[in-house]
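*Asks:* Pasting in a structure now, in structure tokens, and then I'll have a few things to ask.
No value in this document is a laboratory result; all are computed from the given coordinates. Please read all numbers here as calculations on a predicted model, not as lab measurements. Ideal geometry is used to build each Cβ from the backbone, glycine not excepted, and the neighbour counts take in all protein chains shown.
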Amino acid sequence: MCKQTNYSKYQKRVIKFLNDLLGADTPFTYERANNNHLKVLIDGVTKPLFTGSTPSDCKSINNFMAEVKRELKASKKEESKLSQPEKTGVVSAVTLSNDKLIQNCVKSLRTRITVLKEQEKESVLNNKCINGLNLKRIEIVKHSVSLALQARKQGTYLKPKELRTIEGMVHNHLNFMLPSMAYYAELLNSTSKDKLAKVQPNKQQASVHNESNKNNVISLEDKTQHAPTKEAKKLAKKPKQPVSNKNMNTKNSNSATELMAMSANNRVSLLRNLTKAQALMLIDDINQAMAANREEDIEAVIALIRDKDLPLDAIISRMEAA
């Protein structure tokens with residue numbers, strides 16, 4: 001976004017003027033607008049400043065410089081900030097050296113600002129959290145300052161306090177160039193709303209699926225209702241043949257066997273359509289059927305023991321041994 005190779009010669013002059021005027025104390029950022037004009041944002045100035053790409057008026061640069069100075073003067077009056085007296089001698093030389101170091105760090109960060117924005121956005125969307133952004137920016141600032149110190153040919157020794165001051169000023173510049181935390185919070189909120197909007201159509205599809213399952217249950221009940229009528233007609237044609245209770249149970253249990261022949265997922269989806277009262281009633285019916293089968297099995301065993309005339313003591317001892 002801030003690579004000067006993308007800007008015209010006039011815009012490069014404007015950028016150089018801003019670097020010289022604002023120095024290391026006032027953060028600012030710039031970008032190309034949709035109409036190829038240069039949009040400038042300065043810390044403390046409430047409105048953005050615009051200038052053209054290749055203006056025909058030769059006084060455009062002077063007019064823009066005057067506008068910037070007026071806005072800075074107005075912002076200083078509003079904030080009621082008193083300018084500190086300039087120090088001379090060794091202190092001024094140290095201050096100039098530190099300011100140059102800060103400007104070099106900020107210049108190197110401007111060339112990477114687009115990549116840094118993309119990395120921060122990807123990190124926020126993946127982690128769904130903005131807590132680690134400030135620490136990441138501090139690491140970037142420390143790395144940039146260390147590289148600038150290594151590349152500096154001349155300069156005095158920096159005390160830890162001075163180094164922290166320089167890092168803090170570079171950090172202010174970086175925060176002004178990158179999006180704010182409120183922007184990322186709004187981005188997370190918008191993405192969560194989009195996900196909710198995508199989930200609602202899925203719920204509608206699930207309700208349609210449930211409706212189809214209900215229709216399948218109704219068709220299954222219709223089949224079970226019509227099946228006994230057809231069997232009754234066949235039995236009516238042959239009244240002489242006796243029908244045992246076992247055969248009747250197998251014929252009436254066609255619906256149960258059809259239900260058990262289904263897959264587990266389909267069977268569960270069908271049973272989910274039952275109400276709580278219907279489910280409890282079905283459980284009671286299953287328990288009664290199991291109890292009836294158990295009683296019938298006991299009667300069959302007792303009848304077998306009587307028919308074979310088997311001693312109960314031998315049977316009990318044999319069961320205990322097993």
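*Asks:* Can you compute 3J(HN,Hα) from phi for each residue in the stretch 32-47, using the Karplus curve 6.51 cos²θ - 1.76 cosθ + 1.60 with θ = phi - 60°, rounded to whole Hz and x for Gly and Pro?
*Replies:* For the stretch 32-47, the Karplus curve yields 7, 7, 5, 9, 6, 7, 8, 9, 10, 10, 10, 5, x, 8, 6, 10 Hz.
*Asks:* Could I ask something else about it? At 0.36 nm per residue, and after removing the present C-alpha to C-alpha distance, how many nm does the segment from residue 304 to residue 164 gain when stretched out fully?
*Replies:* Stretched out fully, the residue 304 to residue 164 stretch lengthens by 40.6 nm.
*Asks:* Under the 0.36 nm per residue contour assumption, what length would be gained going from the current alpha-carbon distance of residue 180 and residue 283 to full extension?
*Replies:* Using 0.36 nm per residue and subtracting the Cα-Cα distance, I get 31.1 nm.
*Asks:* Need one number: nm distance between label points at residue 63 and residue 193, each 7 Å from Cα along Cα→Cβ, rounded to one decimal.
*Replies:* About 4.0 nm, to one decimal.
*Asks:* Put +1 on the Cβ of each Lys and Arg and -1 on the Cβ of each Asp and Glu in the stretch 274-322; which of 303, 277, 288 then has its Cα farthest toward the positive end of the dipole?
*Replies:* With unit charges placed on the Cβ atoms, the residue in question is 277.
*Asks:* Right, something else. If you stretched the chain out fully between residue 260 and residue 25, how much longer would it get, using 0.36 nm times the residue separation minus the C-alpha to C-alpha distance?
*Replies:* Gain on extension, residue 260 to residue 25, equals 76.7 nm.
*Asks:* Trypsin sites (Lys or Arg not before Pro) within the stretch 29-80: which are DSSP loop residues with at most 11 other Cβ atoms inside 10 Å?
*Replies:* 59
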